[in-house]
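Structure record follows, encoded as structure tokens.
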Amino acid sequence: MVLARFPEEESIVSPGSHCRHCDHVLPWWENLPLLSWLLLRGRCRQCRAWIGIRYPLVELGMALLWIVCWLKFAASILNAAAQTPLPASVSVSLLELGSSFVFSWLLVALALLDAEFFWLPDWFTWPGIGIGFVLTMVRTILMQVSPAQFGQAAWQRVLAILAAAGLVLFIRLAYWLVRRVEGMGLGDAKLMAMLAAWLGLRGALECFVLSVFGACAAAIIWLAILAIRRDTSNWSKIPLPLGTFLCAAALSEIFYPFWLTAPMHLELLGLGN
């Protein structure tokens, strides 16, 4: 619903869920994620218009992501819950589980909006920055740090947010100075700031590196397709949704944090192969 209404500047609250072809209002049983689409065979019960495969695919994808999030944190939560009295780590694990649910939802929404409309709306990025910062600070408090350590952690996270956004703004300015056209949108800078709020500067930079490699690979594949079709006249004007690649990289950081720099640390510690 959000992905369909936001680009059309429609409220996500009112009116309720309805067919976008005949305005048929959906009863509760026609609005069940994934199941309703299967029961209705992908068509509106009133006008028989095709609903579209995107809706069940997004719902299935989010369900799988949340299941994987639960599997990642379930063991630590259940082990801690079995102890008496409850250790402080159970609160941290529960917070990380809830945070992973919210963060993955934001990433999927932004990835799809950027892929389809080249749009990273402020309605997602600005609240995402704030929520990520607040949840990170709450986690710091739950770890029972001193006031001085909390202040240092908050300041470091603010600097990380500014640095991550500044990286994209610097690249954007440099590209404009060279070619006198905009090569990156401001939405990418806000998205990088959001990633830094949730993942820290190192996590955001890892996402940026992976997204650049992903975008380059996608560009090479697309150029190969155009070459086969002998349609390369406007290849340089084809945009790529960097935000989509950033979000995909950030999803990997949820389940395998610091995947890029962890091997380097292992080598420095003498633990590598």
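Okay, here's what the table says:
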item	result
Proxy reagent accessibility, fewest Cβ within 10 Å first, across T125, T136	T136, T125
Charge sum, other residues only, whose C-beta stays under 10 Å from E96's C-beta, Lys/Arg counted +1 and Asp/Glu -1	+2
Burial ordering of Y256, Y175, Y55, fewest other beta-carbon atoms within 10 Å first	Y256, Y175, Y55
Given charges at beta-carbon only (K, R positive; D, E negative), |dipole| of the chain in Debye	420 debye
Pairwise label distance in nanometres, R20 with L35, each label 7 Å out on the Cα-Cβ vector	2.5 nm
For the chain, cysteines whose Cβ has no other cysteine Cβ within reach (under 4.7 Å)	C69, C207, C216, C247
Per-residue [θ]222 nm for the chain (sum of -39500 (n - 2.57) over DSSP H runs n ≥ 4, rounded to 500)	-23500 deg cm²/dmol
Dipole of the chain [Lys/Arg +1, Asp/Glu -1 at C-beta], most positive-end residue of F255, I129, G151	F255
Under the Karplus curve 6.51 cos²θ - 1.76 cosθ + 1.60, θ = phi - 60°, whole-Hz ³J(HN,Hα) for region 38-54, x wherever Gly or Pro sits	5, 5, 8, 6, x, 9, 5, 5, 8, 10, 6, 6, 5, 7, x, 7, 4
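Coordinate-derived values only; no laboratory data. From a predicted model like this one, the values you see are computed outputs, not experimental measurements. Glycine gets a Cβ as well: all are built from the backbone with ideal geometry, and neighbour counts include every protein chain shown.
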